[in-house]
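A.B. asks: Mind looking over this structure? Questions follow.
The values are calculated or read from the model by the stated rules, or taken from the named source; none is laboratory data. Predicted, not measured: the structure shown is a model, and the values here were computed from it. Cβ atoms come from the backbone with ideal geometry, glycine included; neighbour counts cover every protein chain shown. These accessible areas exclude ligands, DNA and RNA; they are computed on the full protein's heavy atoms, side chains included. Shrake-Rupley method; radii C 1.70, N 1.55, O 1.52, S 1.80 Å.
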Amino acid sequence: MQVQRVVLNSRPGKNGAPVDPYMRCRMNDDTGADYLTPWQLSECVDGGGVGVVESSRCADRAEGDVVTFFNWPWQTHAVMKGSVLQKVDPQLVDGHLSYFLGAVGITGLTALFGVREKGHVTKGAHQTMVVSGAAGACGSIAGQIGRLDGCVRVVGICGTDEKCRALVEDLGFTAAVNYRQEDVPARLRECCPDGIDVYFDNVGGAISDTVIAQLNNGGHVILCGQISQYNKDVPYPPPLSEEIHETLQSKNITRERFMVLNYMNKADAALCELSQWVKSGKSSLVSSHVIVICFILQVLETVVNGIENMGDAFCSMMKGGNIGKQIIKISE
Ligand code: NDP
């Protein structure tokens with residue numbers, strides 16, 4: 001059997017281009033996060049993966065089992081310890097296995113726990129939520145959860161008109177702003193006439209400064225990520241300007257660091273909820289002739305075929321080439 005794998009050839013340095021948000025720091029000698037280890041040069045790299053057991057010597061894992069792992073080696077076939085692999089039920093995702101990496105996996109959990117633990121979203125409170133990186137994996141789910149949990153208005157910020165269209169027409173966002181083409185402060189004022197109550201922040205930098213300036217008193221920032229700063233040699237979270245710091249203080253805005261791995265004790269129940277959202281309400285009979293397909297939680301993915309395209313796909317994702325979760329498909 002021939003096995004293809006992806007290795008880290010050289011480190012890009014702290015100020016350099018590539019890779020997936022959380023994986024980018026694993027390319028440095030020091031990841032800057034105690035829960036992440038650096039990739040080793042010339043060694044096979046790893047990340048979230050899902051696959052099927054082809055043969056097993058482990059009593060708990062049988063041929064045909066579908067399993068996931070956070071540190072899946074990026075190679076076409078791998079020998080792994082049965083004890084580290086999490087067995088999953090394909091029915092939870094209607095057989096769409098890649099959802100275990102996205103909406104019904106760590107991405108969905110990030111969105112759900114971010115909104116629930118740090119967003120203070122309350123039904124009936126007429127809140128407006130803004131999401132940056134809104135057409136990406138976490139952002140696209142987070143905005144939909146904000147709506148499901150009771151926000152009356154959810155506005156996404158993203159980098160292309162095509163993404164804006166998908167947010168509004170496919171995912172039910174109230175409005176979307178293209179930060180590369182539009183005047184972000186003006187468009188936010190227009191789309192959020194009652195100000196902003198909750199900000200799901202995936203990007204940091206100038207976009208976040210603009211959103212924070214328009215947050216209402218007692219607003220909440222969900223500090224999920226700061227992707228605009230990841231290829232720079234700055235600590236995480238990157239320091240705020242004096243002005244933004246003052247805004248947070250004077251308006252009593254919360255902005256606590258959020259880390260999905262801190263809430264894994266609640267993961268099982270949350271994954272069930274995400275699975276039901278993705279599956280249920282999928283089809284409803286409106287009349288004897290018309291079946292309306294209406295997903296409660298829509299899942300967007302950008303799928304690239306072939307392990308050999310992994311590096312290119314990651315670099316593209318860092319530049320906004322993806323809509324929804326970036327998936328690399330190794331085999332059927
Ligand atoms: P995405 O699928 O959102 O992909 C990244 C997106 O970021 C791109 O598609 C691009 O979209 C946008 N982007 C890239 N550069 C910039 C920039 N300079 N300014 C604005 N937008 C930019 O990735 P994920 O969903 O995996 O990750 C989203 C965020 O969530 C990241 O910051 C990540 O680190 C964080 N995260 C945090 C976790 C936690 O526990 N706190 C767990 C998992 C992820 P566009 O076209 O709109 O520019």
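A.B. asks: Calculate how large, on average over all directions, the projected area of the Cα convex hull of the chain is; give the answer in nm² to one decimal.
C.D. replies: Average projection, Cα convex hull of the chain: 18.9 nm².
A.B. asks: Mean separation of Cα pairs under 8 Å and 6+ residues apart, divided by the residue count of the chain: what relative contact order is that in percent?
C.D. replies: Once normalised by length, the contact order is 17 percent.
A.B. asks: While we're on this one: Nearest 20 debye, what's the magnitude of the dipole of the chain about its Cα centre given +1 on Lys and Arg Cβ and -1 on Asp and Glu Cβ?
C.D. replies: Roughly 200 debye for the chain.
A.B. asks: If amide hydrogens are placed 1.01 Å from N in the peptide plane, which non-local residues have theirs closer than 5 Å to the one on L8?
C.D. replies: Amide H neighbours of L8, under 5 Å, 5+ apart: S42, E43, V45.
A.B. asks: Run the accessible area of the chain with a 1.4 Å probe and give the carbon-and-sulfur part as a rounded percent.
C.D. replies: Reported share for carbon and sulfur atoms: 49 percent.
A.B. asks: In terms of Cα to Cα distance under 12 Å, which aspartates and glutamates are near enough to K279, apart from those fewer than 8 places away along the same chain?
C.D. replies: D94
A.B. asks: Right, here's the next one. Per the Kirkwood treatment, what hydrodynamic radius in Å, one decimal, follows for region 77-170 from the mean inverse distance over all distinct Cα pairs?
C.D. replies: 14.8
A.B. asks: Moving on. Please compare each pair in K163/K319; K163/K266; K251/K325; K81/K118; K232/K266 to a cut-off of 24 Å on the Cα-Cα distance and tell me which ones are over it.
C.D. replies: Table pairs above 24 Å Cα-Cα are K163/K266; K251/K325; K81/K118; K232/K266.
A.B. asks: May I ask for the net charge around G51, where only other residues with Cβ less than 12 Å from the Cβ of G51 are counted and Lys, Arg are +1 while Asp, Glu are -1?
C.D. replies: 0
A.B. asks: Using the charge dipole of region 76-127 (Lys, Arg: +1 at Cβ; Asp, Glu: -1 at Cβ; taken about the Cα centre), state which of I106, V121, L85 has its Cα farthest towards the positive end.
C.D. replies: With unit charges placed on the Cβ atoms, the residue in question is V121.
A.B. asks: Roughly how many Å is it from the Cα centre of region 248-281 to that of region 91-135, as a whole number?
C.D. replies: 7
A.B. asks: To the nearest Å, what is the center-to-center distance of region 43-60 and region 155-194, using C-alpha atoms only?
C.D. replies: 40
A.B. asks: Simple spin-label model, 7 Å along Cα-to-Cβ: Q86 to E182 in nm?
C.D. replies: Using points 7 Å along Cα→Cβ, the separation is 3.6 nm.
A.B. asks: Please identify which residues in region 316-332 have an amide N closer than 16 Å to a label point set 7 Å out from the Cα of D94, following the Cα→Cβ vector.
C.D. replies: Inside the label zone: nothing.
A.B. asks: Specify whether the C-alpha gyration tensor of region 107-260 places it in the rounded, prolate or oblate class, a ≥ b ≥ c being the square roots of the eigenvalues: rounded for a/c under 1.5, otherwise prolate if a/b is larger than b/c and oblate if not.
C.D. replies: Rounded is the answer for region 107-260, as its axis ratio a/c remains below 1.5.
A.B. asks: Further question: To the nearest 0.05, how large is the calculated FRET efficiency for T122 and N252 if R₀ is 25 Å and r is the Cβ-Cβ distance?
C.D. replies: Approximately 0.90, to the nearest 0.05.
A.B. asks: Under the rule of -39500 (n - 2.57) per DSSP H run of 4 or more residues, summed and divided by the residues of the chain, what mean residue ellipticity at 222 nm is obtained, to the nearest 500 deg cm²/dmol?
C.D. replies: Value at 222 nm, helices only: -6500 deg cm²/dmol.
A.B. asks: If you place +1 on the Cβ of every Lys and Arg, -1 on the Cβ of every Asp and Glu, and leave all else neutral, what size is the dipole of region 107-260 about its Cα centre, to the nearest 20 Debye?
C.D. replies: Roughly 340 debye, rounded to the nearest 20.
A.B. asks: Given charges of +1 on the Cβ of Lys and Arg and -1 on the Cβ of Asp and Glu, with all other atoms neutral, how large is the dipole of region 85-179 about its Cα centre, in debye to the nearest 20?
C.D. replies: So the dipole magnitude of region 85-179 works out to roughly 300 debye.
A.B. asks: Where is the GNM fluctuation largest for the chain (alpha-carbon springs, 10 angstrom cutoff): V304, V198, V155?
C.D. replies: Judging by the Gaussian network model, the answer is V304.
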